[in-house]
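Inspection log for the structure reproduced underneath, given as structure tokens.
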Amino acid sequence: MEETAKKDDSINPILKAGEEKDIGNDGLKKKLVKEGEGWETPENGDEVEVHYTGVLIDGTKFDSSLDRGTPFKFKLGLGQEIKGWDEGIKTMKKGENATFTTPPELAYGESRSPPTIPPNATLQFDVELISWTSAKDICQDGGVFKKILVEGEKRQNPKDLDEVFVCLEDGTLVSKSHGVEFTVGDGYFCPAFAEAVKTMKKGEQVLLTVKPQYAFGEDGRSAVDSEGAVPPNATLHIALELVSWKSVAHITKDKKILKKILKEGEGYLRPYNGTMVQVKLIGKLEDGMIFVKKGHDEGSFEFKVDEGQVIDGLEKTVKTMKKGEHALITIQPEYAFVKNVQCNLTPITWTFMILSLISGCNSLITICQTGEKESWEMNAPEKIEASGKKKEEGNVLFRAGNIERASKRYEKAVRYIEHDYSFNHEEQQQSKLLKVTCNLNNAACQLKLKDYRQAEELCTKVLELESRNVKALYRRAQAYIQLVDLDLAEAVIKMALEIDPGNREFKMGYRVLKEKMREYNKKDAQFYGNIFAKMNLQQANEAKQEQRTPMIIDSKA
């Protein structure tokens, strides 16, 4: 800590009026004439405004902004002025006055600056820092500097998927626009745009200084329509305003549901499982054809969240929406009508809006918060009753062929009674029976959904409660067969047959397993046979090569 403090003091020393200290290790000296205001100092990229007078060591004046009556402006740390200025002025506070003694290496060096600065001259500058405008190095590599002209609203910034609406104008007439909309991650005009807008707020106006690597690089750009050409290795200065943006986000991890917020919602309440919602919505196919329109002419359309009354994509999305939110949703077939010929396995889009939490208002979606109780709100009998209802709902969905929804019902049934430590003996027995049944049924679901590892885990949970449950053993064996863990599958089926030796289903499963084992043994034999054949052929070829190659004898041996 002490070493760091010493290093910082050498870069930006603490001075009193009249004191002089070294800045850094290159010979630059700073003498404080008048203290400044506050504690902030400018950073690289900031545009500073100064008055200065430059003299030689013998007192000969060679330049002064005071003589011209106009402050001098330049961007700090970009090499626009001598290095001594870049290093010295960034130690100053607003209103501060200081004298910098600058060695030749940080001034003009061996070259002279006509008409009055000789080669290898040490210079003195009396500098007053009037003000500065902050410019943020947004890429942290000096490639894009952003100077804020007008502050924006709120604290949020756009993300890569969001669609932004911007206005831009380049002073060299390279490009001008009264408004353009683009996706942040895709960018627009030049790479700097994607980087800049992610740091901006709604309504913010900035001036960008864009180095060639974030503009058009070594190749530049030819004139396009009304836009001017950009020469090679050109630095651009772009005035940019972030007018607005629409938040876009993936609803599911597999990125099959995309939601674009057209109008932000209010508050924080969202529908949850069991909530009744009244909606108005329009569904379109990819070609724009409307295939469903609900809640418009015939009045509001109601459904209960997580009850399978609408497609899965809508249910997953509505649970992310708030009061007053209006969204455009693109849903891939996996969460829509996968087996429905009408949608022809193409994405569908829905316009969806939530305008109020008050029943009976003129809205596109009204949420009535009358959902089910959460587990922590229930006593033991209520938890057991709720678990039993979810189990029955799962059974109905399973028989109807809606396997994924059935699985969710079984999962929820178990969650109600997962922590049953406070239950009495009878309640614990009821809880145990429900856990066994729901996990077994869910294992059957996972086998149909081809999530064999999850099926095996569910069967394990059942066997922890009932070690001789033959259904759990059999379904576990089925999972092992699909996971090609045939030795474990055989051991589990043998255990099941010991418990129930007359079970025809288990015997049939054992025959299937033996057939699979024979198939895999044949494949293994063929695979390794091919390997050994190739090895034998390679060895034979090497032996022939050795016979054809003459032996060289070292005569000195």
Practice prompt. Pairs only if they're at least six apart or on different chains, beta carbon under 8 angstrom, first in the range 307-334 and outside the structural domain of I282 (by the TED database) and of a type in the set (D, E), second crowded, with 21+ Cβ neighbours inside 10 Å and modelled with pLDDT of 85 or more; list them, first residue then second.
Written response: none
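Have a look at E181, E218, E195 and point out the one that is assigned by the TED database to the domain that holds E153, assigned to a loop (DSSP other than H, G, I, E, B) and not aromatic (F, W, Y). Steps first, answer last, please.
Details: E181 fails: assigned to a loop (DSSP other than H, G, I, E, B); E195 fails: assigned to a loop (DSSP other than H, G, I, E, B).
Only one candidate qualifies: E218.
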Worksheet item: Does any residue of the range 368-382 turn out to be modelled with pLDDT of 85 or more and either in contact with an Asp or Glu (Cβ under 8 Å, 6 or more places away or on another chain) or under 30 Å from D162 (Cβ atoms) (or both)?
Response: yes
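For the range 66-125, name all the residues that are open to solvent by 50 Å² or more (accessible area, probe 1.4 Å), of a type in the set (V, I, T) and either closer than 25 Å to L207 by Cα or without any contact (Cβ under 8 Å) to a residue 12 or more places away in the chain (or both). Give the steps one after another, and end with the answer.
Taking the range 66-125 as the starting set, the residues that turn out to be open to solvent by 50 Å² or more (accessible area, probe 1.4 Å) are 66-70, 72-73, 79-81, 83, 87, 90, 93-94, 105, 108, 110-112, 114-116, 118-120, 124.
Cutting the leftovers down to of a type in the set (V, I, T) gives us 70, 116.
T70, the sole residue that qualifies.
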Discussion item. Being at pLDDT 85 or above, open to solvent by 20 Å² or more (accessible area, probe 1.4 Å) and out of contact with any helix residue (DSSP H, G or I) (no Cβ under 7 Å at 6 or more places or on another chain): is that true of V318 here?
Written reply: no
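Being open to solvent by 50 Å² or more (accessible area, probe 1.4 Å) and in contact with a Lys or Arg (Cβ under 8 Å, 6 or more places away or on another chain) is the filter here, so list the residues in the range 186-200 that pass it.
So in the range 186-200, the residues open to solvent by 50 Å² or more (accessible area, probe 1.4 Å) come out as 186, 188, 191, 195, 198.
Listed by number, the list holds a single entry, K198.
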Item to complete: Mind counting the residues in the range 433-465 that are open to solvent by 30 Å² or more (accessible area, probe 1.4 Å), touching a residue at least 12 places away in the same chain (Cβ under 8 Å) and more than 23 Å from E385 (Cβ to Cβ)?
Response: 7
Worksheet item: Which of the residues spanning the range 242-279 are among the acidic types (D, E) and open to solvent by less than 60 Å² (accessible area, probe 1.4 Å)?
Response: none
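Output the residues belonging to the range 12-26 that are over 47 Å from the mean Cα position of the chain (by Cα) and either among the small types (G, A, S) or assigned to a strand (DSSP E or B) (or both).
Taking the range 12-26 first, the residues over 47 Å from the mean Cα position of the chain (by Cα) are 16-21.
A17, G18, E20, K21, listed by residue number.
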Practice prompt. Could you list, in sequence order, all residues of the range 132-151 that are modelled with pLDDT of 85 or more and touching a Lys or Arg at 6+ places or on another chain (Cβ under 6 Å)?
Written response: I138, G143, K146
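Find the helices (runs of 4 or more DSSP H) located wholly in the range 439-557 whose residues include 3 or more that are outside the structural domain of A406 (by the TED database) and either modelled with pLDDT of 75 or more or among the polar types (S, T, N, Q) (or both), and list them. Full working, then the answer.
Numbers: elements: 452-465, 470-482, 486-499, 504-548.
Answer list for the range 439-557: 504-548.
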Discussion item. Can you find, within the range 147-167, the residue that is farthest from S244 (Cα to Cα) among those that are more than 23 Å from the chain's Cα centre (by Cα) and part of a strand (DSSP E or B)?
Written reply: K147
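The values are calculated or read from the model by the stated rules, or taken from the named source; none is laboratory data. Quick caveat, the model's predicted, so the values are computed rather than measured. Glycine gets a Cβ as well: all are built from the backbone with ideal geometry, and neighbour counts include every protein chain shown. Accessible surface is based on the protein model in full, side chains and every heavy atom, while ligands, DNA and RNA are left aside. Shrake-Rupley method; radii C 1.70, N 1.55, O 1.52, S 1.80 Å.
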